[in-house]
Amino acid sequence: MSQPKEIPQMEKIVSLAKRRGFVFQSSEIYGGINGFWDYGPLGAELKRNLRDTWWRTMTRDREDVVGLDATIIMHPAIWKASGHVDTFADLMRECSVTNKRVRADHVEPQSGVVMQFSGFSITGGSSHNDSITVLMRGGEHIESFRKRVRQLVAQARNQTAENIELHGESKIDAVEGSVDFHPETGGALGEARPFNLMLKTYVGPTATENDIAYLRPETAQAIFAQFKNVVDSSRQRVPFGICQIGKAFRNEVTPRNFTFRSREFEQMELEFFIKPDEAIEAVCGSVAAWSEGADLSVPQDNWGWEMWHRYWVKERTDYYAGIGLGADVLDYHWQTKEELAHYARACVDILFKFPFGTEELEGLAARGDFDLMAHQTASRKPMDVFDEEVKNAFAKWTDEQRAALVERKKAEHRAKEKGGLTDAQVDEWCQKLFKGFYVPHVIEPSAGLDRLALAVLSNAYSEVEKTDAKGKSETLYVMRLHPRLAPVKVGVFPLLKNKPELVAKAREVFELLRKHFSAFYDEGGSIGKRYARQDEAGTPFCLTIDFETLGEKGEELKDTVTLRHRDDGSQERVKISELLGKLLPMVG
Ligand code: ATP
C-alpha cells in the first residue's frame, strides 16, 4: 500500500491559519491578489497583542524612547534624500515568454533540456516569428511540455492554448543547475535589471509627473524627518530613541512564503540616537570597548556606537525570549564588510528558523549619521543638537589635543572607499563638535510585524495524535502560543448547556474575566471538542463550570472551577475569586 503523501509543514500552517481565521488571502473571492494578506478574527487579535508587546517593551517601559505615528504618504523629497528613489531596487529578470518577473537572487537552479520554437501562429489570426525558449524539466513528457508552452504563449496573449500552434521545434542543449530559466514558467530569463520597489500614486486632482508620491517603503524615514520636532517637543536628550509601528509597502518582485514577503506589511522600527564617539571621548576620557561577555544590562555614559549596537541586539533577543522565541529558534547573521552599506558600521540580522528555511526577522544596523545628514543636506534644515556637556568637555582640551583629533578624523575619512568627507568638511564638523553641536548617530532595530506573526504561528504549531476508546486515532492541532500573545486568553464552558444554573454561573465567570482580557464563551458540543477548538485557536486556559461549582458536591468545592492548561492538559480546581489573581500575571 502506498504511503499517504507527507504534507509540508508550511502548507499545514497556512491551512490552519485559514481554517481558524488567523490569515486569509486578500480579495480571495476575486481570485486573490499576490503579496497581500488579511488577518481574520484570531489573527487580528494576535497581531494587536504582538504590536502591544513591542510598543510596551520599546517605549512605555523605558524613559529614553518616545513614539511617533506618521503618515504613509510623505513629501516625495524624503525618498529622494534617503536614496530610495535612486537605489531602492532589486535586480530582477523577466521571463521571455510571459514577461513574468523574478528576483535575480531568487532563481533556484534547474536542470533539463532547453527547447526552442522558431515562432507560433494564432488560429484564424496572426503568425509570429519571435523565437520561444523554454526549459523542458527532467521527467516532463514531450507532449505535456508542448501543451504547457502553448498555454504560456496563450496566457500572455489572452488566448486559449487550443488556438496556438507552435513552429520549428528544436533541441538546443541539456543543462544542469542553470539559473537562466523562470522558476514557474521555465521560460528563458532576460538580463538582470534594477526594479524600483516603491509603489507610486498621485496626490491631488491632476495626475501629472509632478503629482507623484510614494507609499512609504519603510517607517524609518518619517522618524528622521520629524527628528527636530520630537527633540523640541519631548524634552528628550541624546541618547534617546523614537519608535514607530506602521504600514510599509514594497512592490516585491516575487512575494512568497505566505506572509513572509508581502507587498503590504507592517514594520516596527526604532531609531536610537546616540552621541558620536568623539563626543563620548571628550566627556568620559575614553569610549568603552566591547568584548565578549561585556555587561550590557544597563546603558553607561561611556558607551559608543558599538556598545549601543550590542546592547540593542541583546534587548531585542530578550524581547523575543519573552514572547516564546528562544535561542533554539533564533540565529544571527553578522553582515560582512562586503555586505555592509558604505555608511553602516555594523549590521546584524536576527533570523528565525521558519519551516522554509532560516530567514531574517529583524535587522539591527549602526547607521552612523547618514540619514539625518542626508535630510540636513536635502532640506537645508539643521539636524544637529546642542550638548552643553560636550562643549564643556572640549573646552578643557588643549589645542594640541583638538588638532590631533582633527588629523585622526581626516585620516579616517581619506581611507574610506565611499562616502568619506573632504578635509574641509572634517574641519567644519570638528569645529562644530568642539562648540557642542553634532548630528546624532543612530542605531536602528527594524522588525517586521507580519514576519513576526508568521514566526510565532510556525513556532506555536504542533500536532498531537489521539486514540479514542475504540482505537480510532486522529490528529489534533495545538497552537502553543505564548499566553501574552494568544488571541483568546481563556475559554469558559458550562459543563452542560441545558442546565440553566450552570449556564448562568458560566456567564457570570465569563463576564467577570472579559473585563480584563479576551475570553470566549462556548457551550456547544462535548467538553473534549470545546478544548480541541480552543487548542487550535491557541487559547492557553479553559475553565469548566460544573456541579461542584454550584456546591452540589459539598461546600468546599462550591464556587470553584476546573482550570485546564493547554500545553500539558493538566487540570486544577481554582476558586472563582482567585481566578483573576492567577491568570492576569500570565496573560498580561
Ligand atoms: P529582505 O532582505 O528580507 O528583503 P530587508 O533587509 O530588505 O529584508 P529591511 O528593509 O531591513 O528588510 O526591513 C526591516 C524588516 O521589515 C525586515 O527584517 C522584515 O521583518 C520586514 N520586511 C521587509 N520587507 C518585507 C516584506 N516584503 N514583507 C514582510 N516583511 C518585510
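The values are calculated or read from the model by the stated rules, or taken from the named source; none is laboratory data. Because the structure is a prediction, the values reported are computed rather than measured. Neighbour counts are summed over all protein chains in view; Cβ atoms, including those assigned to glycine, are modelled from backbone coordinates with ideal geometry. Keep in mind that these areas ignore ligands, DNA and RNA; they rest on the heavy atoms of the full protein, side chains included. Shrake-Rupley method; radii C 1.70, N 1.55, O 1.52, S 1.80 Å.
Tabulated values for the structure
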quantity	calculated
Accessible area of the stretch 396-448 belonging to carbon and sulfur atoms, whole % at 1.4 Å probe	53
Dipole moment magnitude, nearest 20 debye, the chain about Cα centre, only Lys, Arg, Asp, Glu C-beta charged	1380
Cα centroid separation, the stretch 192-226 to the stretch 442-478 (Å)	36
Compactness of the stretch 158-258 - radius of gyration and Dmax, Cα, Å	24.0, 75
For the stretch 47-176, accessible area per residue (1.4 Å probe, heavy atoms of protein chains only), Å²	56
FRET efficiency for residue 568 and residue 339, using Cβ-Cβ distance with R0 set to 45 Å, rounded to 0.05	0.55
Extension reserve of the residue 404-residue 66 stretch, reckoned as 0.36 nm per residue once the Cα distance is removed	118.0 nm
Residue-span extension gain [residue 169 to residue 122] - 0.36 nm each, minus C-alpha spacing	15.3 nm
Kirkwood Rh and Cα Rg combined as Rg over Rh, evaluated for the stretch 503-561	0.99
Solvent-accessible area of residue 441 with every protein chain in place, 1.4 Å probe, in Å² to the nearest 10	20
Ellipsoid equivalent to the stretch 470-530 - semi-axes via the Cα gyration tensor, in Å	23, 20, 5
log10 of Debye I(q)/I(0), alpha-carbon scatterers only, for the chain at 0.05, 0.10 Å⁻¹	-0.32, -1.04
Restraint check, 472/575; 558/582; 497/575; 200/275; 466/489; 12/529, Cα-Cα greater than 26 Å	472/575; 200/275
Summed residue charge, Cβ within 12 Å of residue 417's Cβ, Lys/Arg positive, Asp/Glu negative	+3
Residues of type lysines that residue 147 reaches as a straight line, Cα spacing below 17 Å, ignoring anything fewer than 8 places off in the same chain	171
Radius of gyration, Dmax [the stretch 1-102; alpha carbons; angstrom]	20.7, 66
Alpha carbon convex hull of the stretch 284-387, projected area averaged over orientations, nm²	9.5
Dipole of the stretch 138-282 [Lys/Arg +1, Asp/Glu -1 at C-beta], most positive-end residue of 214, 190, 177	214
Candidate lysines - alpha carbon under 20 Å from residue 418, same-chain residues fewer than 8 apart omitted	80, 337, 409, 410
Translational diffusion coefficient (Stokes-Einstein; Kirkwood radius from C-alpha pairs) of the stretch 285-340 at 25 °C, 0.890 mPa s, in µm²/s	189
Viscosity 1.306 mPa s, temperature 10 °C, Stokes-Einstein D of the stretch 43-116 from Kirkwood C-alpha radius, µm²/s	89
Segment residue 33-residue 518, length gained on full extension (0.36 nm per residue, minus Cα span)	171.4 nm
Residue-normalised accessible area of the stretch 316-361, given per residue in Å² at a 1.4 Å probe	49
Rounded percent of accessible protein surface that carbon and sulfur make up, the stretch 74-132, 1.4 Å probe	50
Amide H contacts under 5 Å for residue 169, placed H, 5+ residues apart	118
Heavy-atom accessible surface of the stretch 241-376: percent carbon and sulfur, 1.4 Å	45
Rg(Cα)/(2.2 N^0.38 Å) for the stretch 92-174, N = residue count	1.11
At R0 = 51 Å, FRET efficiency that the Cβ-Cβ distance of residue 496 and residue 358 yields, to 0.05	0.55
Efficiency of FRET between residue 504 and residue 480 - r from beta-carbon atoms, R0 30 angstrom, step 0.05	0.35
For the stretch 381-426, radius of gyration divided by Kirkwood radius, i.e. Rg to Rh on alpha-carbons	1.05
DSSP-defined beta bridges in the chain - what % are antiparallel, rounded to 5	90
Accessible area in square angstrom per residue, the stretch 425-543, 1.4 angstrom probe	42
Kirkwood hydrodynamic radius over Cα pairs of the stretch 452-588, then Stokes diffusion coefficient at 20 °C and 1.002 mPa s, in µm²/s	138
